[in-house]
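Enquirer: Below you will find the structure I want to go over with you.
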C-alpha cells in the first residue's frame, strides 16, 4: 500500500486526482492540501510515502515546499505535478530533491503507475531533466553544479538568506550597501532558476553547507 498526500490550490484538480488514485486499491490517499504550508503540516502528521505537489500555490510554492519536505523527511518521495514545461522549473525541482516531475495532461493510468513507482522508491522517467553521459545526475550533483556558478560574494549572500537575514542585515554583515545586496540576490535567483528569495533560502538550507 502506497500512501499519498496531494497538494494543489485548485479544488477540482486535487479532488479529481484523489478520486483517480483511490480507484487503485494499492494506493491510499491520506490527505489533501490547498497550499504548501498546509501540505507540510499534513505531511508531519500523516507521514505519506508520496507527496504530489502543484508548482504554483499560495503561501508556499511547490519548489519551496519540496525543499522543506525533503529536509524534514529524506525518505518521502516528492513528485511535482504541474502544467509547466519550463526548463527552469524542471531544474529547480530537481535541485531541491524532487523524485519526479510530471505534467497534468499525462494519461490517468500513467499517473497511477508513477505514484506506485515513486512509493516503491523506483526512479520516474523524466526525459526533460538534464542528462549527462546518458544518465540523470543526482539532486546533489545538480545542486553542486548550480552553486558552482555563483561568485564568492553570491555564496555569502545566499548563506545569509538561508539564515533568515533581511537585505539590510546582510548589507551590515558584509559591509556593503543594501542596493548591492539586492543586485546579488537578483543574480542568485537568476543563476539558480528560482522565482523568489524564499525558494533560494530553502534550497540553500538543504545544499549549502557553509558560506564561502
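The values are calculated or read from the model by the stated rules, or taken from the named source; none is laboratory data. The structure displayed is predicted, hence computed values, not measured ones. Please note: Cβ atoms are built from the backbone with ideal geometry, for glycine as well, and neighbour counts cover all protein chains shown.
Enquirer: Quickly run through the stretch 177-210 and pick out the residues that are in contact (Cβ under 8 Å) with a residue 12 or more places away in the chain and over 26 Å from residue 90 (Cα atoms).
Expert: Within the stretch 177-210, 181 is the sole residue that qualifies.
Enquirer: Determine which member of the set 21, 55, 32 is touching a helix residue (DSSP H, G or I) at 6+ places or on another chain (Cβ under 8 Å), part of a strand (DSSP E or B) and not assigned by TED's automatic domain parsing to the domain that holds residue 161. Show your work before the answer.
Expert: Numbers: 21 fails: part of a strand (DSSP E or B); 55 fails: part of a strand (DSSP E or B).
One residue alone meets the criteria, 32.
Enquirer: Which of the residues spanning the stretch 100-126 are touching a residue at least 40 places away in the same chain (Cβ under 8 Å) and either within 20 Å of residue 33 (Cα to Cα) or outside any loop (DSSP other than H, G, I, E, B) (or both)?
Expert: Let us first name the residues in the stretch 100-126 that are touching a residue at least 40 places away in the same chain (Cβ under 8 Å), namely 104, 108, 111-112, 115-116, 118-121, 124.
Within the stretch 100-126, 104, 108, 111, 112, 115, 116, 118, 119 meet the criteria.
Enquirer: Quick test of your reading of the structure: residue 71 fulfils all but one of (1) closer than 19 Å to residue 200 by Cβ; (2) at pLDDT 90 or above; (3) touching a helix residue (DSSP H, G or I) at 6+ places or on another chain (Cβ under 6 Å). Name the failing condition by number.
Expert: Result: residue 71 passes all but (2).
Enquirer: So which of 178, 144, 149 ends up being at pLDDT below 70, on the phi < 0 side of the Ramachandran plot and not assigned by TED's automatic domain parsing to the domain that holds residue 53?
Expert: The conditions single out 144.
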